[in-house]
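S.K.: Here's a structure for you.
The values are calculated or read from the model by the stated rules, or taken from the named source; none is laboratory data. Note that the structure is predicted; figures quoted are calculated from it, not measured. Cβ: placed from backbone, ideal geometry, glycine included. Neighbour counts: every protein chain shown. The area values use the complete protein model at the heavy-atom level, side chains included, leaving out ligands, DNA and RNA. Shrake-Rupley method; radii C 1.70, N 1.55, O 1.52, S 1.80 Å.
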Amino acid sequence: MHTTTRRTLLKAVSSAAGLAASGFSLAAAKIKPDAKSALIVVDVQNCFVTGGTLPVKDGEAVVPVINKLSAAFRNIVVTQDWHTPGHASFASTYPGKKAFETTRLAFGTQVLWPDHCVQGTDDANLHKDLKLPTAQIIIRKGFHKEMDSYSAFDEADHKTATGLAGYLKQRGIKTLYITGLATDFCVAWTAMDARKAGFDVYVIEDATRAIDLNGSLAAAWKQMTAKGVKRIQSADLA
Ligand code: VGL
Ligand code: ZN
């Protein structure tokens, strides 16, 4: 081997060893939520887990992941889907319509769901194992009888605000880490509206589960990515 080549090679080997000895890892640096970050926990309610009225497959699996994540956050927001009886998003409201069909409402295409998360019912309560004693606000949504609200920011008309953007901005919060149910409906719409409102947005994928109706999960990730939502895993957080 040529002397110069050997010397270069030796140098490369020794500097790699030095890096390893200093504890430097080639793995990506962990993300650390700061005082201007908030964890958003979307709709982790009885209605969306096994035994609920609109169960998301494996929905309860997000509970321990979210409980663990919560320790890293100084700001936590919880949301609840909170419908009236006879709500516009319920198939039972329309004679002859079945759950999971779609219909045209004043504000666009609406998926019709089984009756779910009715105000004041046990079905609408937060999952009993969700342990978020430091959470600061619970935002309820979907409480207008004539209009749905997947998003925790704007209702289905894309005009009526829930007030969450104002709350977060008044508290100086800039970065949101979104978790909960369901990835392809309330999580996705919340994440996209958060981008529209100017927040830096991460969705923590393994802290979500999806309904996945006719390819809605893949479509949701595509739309979220196009809007600058970052897709991460709970292990990416410090
Ligand atoms: C949701 C369907 C209907 C959700 C709420 O939380 O993702 N999905 N209502
Ligand atoms: Zn709903």
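S.K.: Go through 112, 126 and list them by solvent-accessible area, largest first, probe radius 1.4 Å. Display every interim value, and only then the final one.
M.R.: Working: 112 0, 126 55 Å².
I get 126, 112, largest accessible area first.
S.K.: Further question on the same structure: Contact order normalised by length for the stretch 32-236, with contacts defined as Cα pairs under 8 Å and 6 or more residues apart; what percent is it?
M.R.: Working: 460 pairs, mean separation 49.2, N = 205.
With pairs under 8 Å counted, the relative contact order is 24 percent.
S.K.: Size of the dipole of the stretch 32-236 about the Cα centre, Lys and Arg at +1 and Asp and Glu at -1 on the beta carbon, nothing else charged, in debye to 20? Let's see the in-between values first.
M.R.: Details: 24 positive and 22 negative charges, 141 e Å.
Computed charge dipole of the stretch 32-236: roughly 680 debye.
S.K.: Any idea how far apart residue 106 and residue 218 come out in nm if each label point goes 7 Å out from Cα toward Cβ?
M.R.: Roughly 3.6 nm, to one decimal.
S.K.: Can I ask one more? Ignoring trypsin sites (Lys or Arg not before Pro) that are buried or in helix or strand per DSSP, and keeping those with at most 16 other beta carbon atoms within 10 Å, what is the longest stretch of the chain between them?
M.R.: On the way: sites that count: 30, 36, 57, 74, 97, 98, 128, 131, 145, 159, 171, 174, 227.
Answer - 175-226.
S.K.: Turning to a different aspect of this structure: Along Cα→Cβ, 7 Å out, is where each label goes; now give me the distance between the ones at residue 227 and residue 84 in nm to one decimal.
M.R.: 2.6
S.K.: Next up: For n ≥ 4 DSSP H runs only, could you compute -39500 (n - 2.57) per run for the chain, divide by its residues and tell me the 222 nm figure to the nearest 500?
M.R.: Values: 5 runs with 55 residues, N = 238.
Calculated mean residue ellipticity at 222 nm is -7000 deg cm²/dmol.
S.K.: A further question on this structure: What accessible surface, in Å², does a 1.4 Å probe find on residue 70, ignoring ligands, DNA and RNA and rounding to the nearest 10?
M.R.: Here the accessible area works out near 20 Å².
S.K.: Using the Cα atoms as the points, what is the convex hull volume per residue of the chain in Å³?
M.R.: Numbers: hull volume 38.9 nm³, N = 238.
Taking the convex hull of the Cα positions in the chain, it is 163 Å³ per residue.
S.K.: For a quick check of understanding: with a 1.4 angstrom probe and all protein chains in place, what accessible area in square angstrom does residue 77 have, to the nearest ten?
M.R.: Approximately 0 Å² of residue 77 is accessible to the 1.4 Å probe.
S.K.: How about residue 98: which lysines have a C-alpha closer than 27 Å to its C-alpha, ignoring those fewer than 8 places off in the same chain?
M.R.: Counting by Cα, and skipping residues close in sequence, residue 98 has these lysines nearby: 57, 141, 145.
S.K.: When DSSP assigns beta bridges and you keep just the ones with both residues in the stretch 32-236, what percent turn out antiparallel, to the nearest 5?
M.R.: Approximately 20 percent, going by the DSSP bridge assignments.
S.K.: What is the calculated FRET efficiency for residue 159 to residue 98, with r their C-beta to C-beta distance and R₀ = 35 Å, to the nearest 0.05? Mind dumping the intermediate values first?
M.R.: Details: r = 30 Å, r/R0 = 0.84.
In this case the efficiency is close to 0.75.
S.K.: Here's something else I'd like to know. For the stretch 103-202, give the magnitude of the charge dipole about the Cα centre (Cβ charges: +1 Lys/Arg, -1 Asp/Glu; no others), in debye to the nearest 20. Before the final figure, lay out each step's value.
M.R.: Details: 12 positive and 12 negative charges, 92 e Å.
In debye, rounded to 20, the stretch 103-202 gives about 440.
S.K.: I want the local charge near residue 80. Using Cβ-Cβ distances under 15 Å, sum +1 for each Lys or Arg and -1 for each Asp or Glu among the other residues. Intermediate results must be reported in sequence, preceding the final value.
M.R.: Values: positive: 128, 140, 141; negative: 43, 81, 122, 123, 148, 155.
Net local charge, residue 80 excluded: -3.
S.K.: Charges on Cβ only, +1 for Lys and Arg, -1 for Asp and Glu, centred on the Cα centroid of the stretch 58-215; of 204, 105, 173, which one is farthest towards the dipole's positive end?
M.R.: 173
S.K.: Determine the alpha carbon to alpha carbon distance for each of 32/222; 30/230; 68/128; 30/68 and list only those over 20 Å.
M.R.: Numbers: 32/222 25 Å; 30/230 14 Å; 68/128 15 Å; 30/68 16 Å.
Correct reply: 32/222.
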